[in-house]
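Notes for the one structure printed next.
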Amino acid sequence: MSGFTAPEIAWGPTVPVLVVLLAAVVGVLVEAFVPVARRRVVQLALTLAALAGALLAVAALWSDVARTGGTDVLGGSLVVDGPTLVLQATIALLALLSTLVFADRVAGGEDAFAPSAAAVPGSDYEELARRKGLRQTEVYPLLLFATGGMMLFPATTDLLTLFVALEVLSLPLYLLSGMGRRRRLLSQEASMKYFLLGAFVSALMLFGIGLLYGYAGSLRYSDIAAATATPNGLEGLLVVGALLLLAGLFFKVGAVPFHMWTPDVYQGAPTPVTGFMAACTKVAAFGALLRVVYGMLPGLAWDLDVVLWVVAVLTMVVGTVAALVQTDVKRLLAYSSVAHAGFVLTGVIALQDSGITAVLFYLLAYGAATVGAFGIVSLVREQGVGDDDGPAVLGEATRLSQWAGLGRSHPLAAVTFTLFLLSFAGIPLTAGFVGKFAVFSAAVEGGAWQLALVGVLASAAAAFFYVRIIVLMFFTESPDETVPAGPGEVTSLASAEAPDAAPAGSTPAPVLTAQAERSARATVTGGEGLTVVAVAVCALLTVVLGVAPSPVLDAIASVAVLLP
Amino acid sequence: MSLTHYLVLAAILFAIGATTVLLRRNAIIVFMGVELMLNSTNLLLVTFSRIHGNLSGQVLAFFVMVVAAAEVVVGLAIIVTIFRTRRSASVDDVNLLKS
């Protein structure tokens, strides 16, 4: 045996990921050593500093990568090229904004997370923990670990690192989903569904990785791509392995037929977590998908085209149609995110260089609107009677009917939410329009004009339910102005909902309580202002990227070359 | 015995694990199915590693073991929390979230 020679490691390009993961480890130590009273401030400062540091590190690496085309660290485990930097910057920025939403104590000094996630809901212990003002400050290290995994996920061309990054980003999200302060049964249920399905799909993906390794004898994307060029009689392994690997990635982006978890988890998870995972997971998973489709499997384009096309069309159609009939804001945004996964997929399928730029830009635009929209959802609360018989702010008002008349009572929040909805719908002068235009034109350029056509039709249909919310907020009487009215005559939307609500008679008691809550009037709180700041930044991004997208598009296009 | 036999065994174990996940109703058993899938993949990786004569597959198998352990920690925590709340670990009882 020859002696062990230590590998050369270029530490510089690893800094963005390292900063985040190190800060996460320090955050765990903070939990152990810093007194309870000061933990929240310390954790928050640490998290924000780490994410800002990651952004700065990406900026510092930018000019070097733009000149040289990128660096390959540790034999492909980490590839720092243009798309990597763009994706890492997007994820760090969106995570930074999500952190502000995480930290905001919206209602009565209480944040969105259970005082003690281990307490049984409704128990004396939980009530005691609430009165003592306990906080689960572990959410910040969990958020950092997830962010670190997400920043690694699209930056690797090695199946081993891909699998580890997938788990590093998933495991904290499973836990965060189950830590909601209110509606804890729903939150725990979301967590369990997400976990069981996520573990199942990551096992499928791992088996796919095993088969690809068996085919090529290597875990590197470039070696597998080279092996596909010369037939060796094991193509069965290759095709099945590639399909299983793609299934894992489709699950993470929420593409049909792997989207079933999306509405349940998005609805049940605490809203700040929903915003974070809806935006950042999608960015990370599409980055990884780009690398797999462009870097590993271009030789398989003939075999995989059918699959990708079917998935893209189904995703757009199912997401749009299902969103049309939703009555819960978070569920509606979940199905809309499924539809958006389909739109991004058209850009991925294009297999053009312009497709990479388009996908990266779309992800930034979609992420900004998503974090902002869920930030506003976390501010729209039910109003009730508090302990001292004064008005108190309760849980989130997620029933669509509760949003009626919000445009009159809280115009600023309603206008901002409208802006995000218009961006989702792809109306000109918003970032969403530029993103959609870019992915569809890349698809046409790549010869997939049929996909672009389906995409445009689906966007038109999707605009209907976005506009429905806008009409509801601005042109419908709020329920409390017509309180004595019977359920049939409140609003046109409420009567449109009636067929949905009718079969609810057989549902268990907790659902019925949830339905009874719907009459409570909604109000918008400012919280401590952190969420407001995050929403304002997202709104600014949406407008600026919509009005003057060319500097950002040019900057992305100038570095949008994937290293093998 | 040919190395192909190990691959067939891995595929059979994987199929049993996947069937368990899809058919059984107890969350703990479902989770055991997932673990069986991961371990069958380990067998697959180690066999391919032997066939190709390089160590990448064995190294990945080590990482899979570590990841599986981490997944057990998180998964059992979630399942136990659900059980303490509902006195049931059946995946059929977890059905409040519906459209």
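The values are calculated or read from the model by the stated rules, or taken from the named source; none is laboratory data. On a predicted model such as this, the values are computed, not experimentally measured, just so you know. Cβ coordinates were reconstructed from backbone atoms using ideal geometry, including for glycine residues, and neighbour counts include every protein chain displayed. Heavy atoms of the whole protein, side chains included, go into the accessibility calculation; ligands, DNA and RNA do not. Shrake-Rupley method; radii C 1.70, N 1.55, O 1.52, S 1.80 Å.
The slack in the chain from A:Glu528 to A:Arg38, taken as 0.36 nm per residue of separation less the alpha-carbon distance, amounts to 174.7 nm.
Which of A:Lys193/A:Lys436; A:Lys193/A:Lys330; A:Lys436/B:Lys98; A:Lys282/A:Lys330 have a Cα-Cα distance over 23 Å?
Working: A:Lys193/A:Lys436 31 Å; A:Lys193/A:Lys330 17 Å; A:Lys436/B:Lys98 30 Å; A:Lys282/A:Lys330 17 Å.
Beyond 23 Å: A:Lys193/A:Lys436; A:Lys436/B:Lys98.
Couplings 3J(HN,Hα) for region A:63-68, derived from phi with the Karplus relation 6.51 cos²θ - 1.76 cosθ + 1.60 (θ = phi - 60°), are 5, 4, 5, 4, 7, 8 Hz, where x marks Gly and Pro. Using a 1.4 Å probe over protein heavy atoms, the accessible area lost on pairing B with A, summed over both chains, comes to approximately 3900 Å².
Working note: Karplus 6.51/-1.76/1.60 with θ = phi - 60° gives region B:6-13 the couplings 5, 5, 5, 4, 4, 5, 5, 4 Hz, where Gly and Pro are set to x. Residues within the reach of a label modelled at A:Asp353 (point 7 angstrom out along Cα to beta-carbon, backbone nitrogen below 18 Å), restricted to region A:57-77, are A:65-71. Taking GluC sites (Glu not before Pro) across region A:434-483, the ones in a DSSP loop with at most 15 further Cβ atoms lying within 10 angstrom of their Cβ are A:Glu477.
Annotation: amide H of A:Gly395 within the under-5 Å range of A:Glu382, sequence separation 5 or more or interchain, hydrogens built in the peptide plane. With a Förster radius of 25 Å applied to the beta-carbon distance between A:Leu453 and A:Val561, the computed FRET efficiency rounds to 0.30.
Which value, in Å², gives the accessible area per residue of region A:1-143 when a 1.4 Å probe is used on the protein heavy atoms? Can you show the working numbers first?
Details: 6530 Å² over 143 residues.
I get 46 Å² per residue for this part.
Among rounded, prolate and oblate, which fits region A:431-474 when a ≥ b ≥ c are the square roots of the eigenvalues of its C-alpha gyration tensor, a/c under 1.5 means rounded, and a/b larger than b/c means prolate? The shape class here is oblate. Figure note: A:Met260, B:Met65, A:Met473 ranked by solvent-accessible area, largest first, 1.4 Å probe, ligands and nucleic acids not counted: A:Met260, B:Met65, A:Met473. The slack in the chain from A:Ala45 to A:Ala392, taken as 0.36 nm per residue of separation less the alpha-carbon distance, amounts to 122.0 nm.
Loop-located GluC sites (Glu not before Pro) in region A:25-128 (DSSP state not H, G, I, E or B) with no more than 14 neighbouring Cβ atoms inside 10 Å do not occur.
Could you order A:Arg331, B:Arg87, A:Arg220 by accessible surface area, starting with the largest, using a probe radius of 1.4 Å? Kindly include the intermediate steps, with their values, before the conclusion.
On the way: A:Arg331 10, B:Arg87 165, A:Arg220 50 Å².
From most accessible down to least: B:Arg87, A:Arg220, A:Arg331.
Applying 1/(1 + (r/R0)^6) with r as the Cβ-Cβ distance of A:Leu56 and A:Ala10 and R0 = 25 angstrom yields a FRET efficiency of 0.85. Here the simple spin-label model places points 7 Å from the Cα toward Cβ, and for B:Leu9 and A:Ala548 these points are separated by 6.7 nm.
The accessible-area loss of region A:118-160 on complex formation, taken against its chain alone with a 1.4 Å probe, reaches 30 Å² or more at A:Ala118, A:Val120, A:Leu160.
With all protein chains in place and a 1.4 Å probe, the accessible surface of the protein assembly as shown carries 69 percent carbon and sulfur.
Our note on the geometry: Cα centres of region B:23-39 and region A:405-432, 44 Å apart.
Amide H contacts under 5 Å for B:Ser90: B:Ala27, restricted to partners 5 or more places along the chain or on a different chain, H placed in the peptide plane at 1.01 Å from N.
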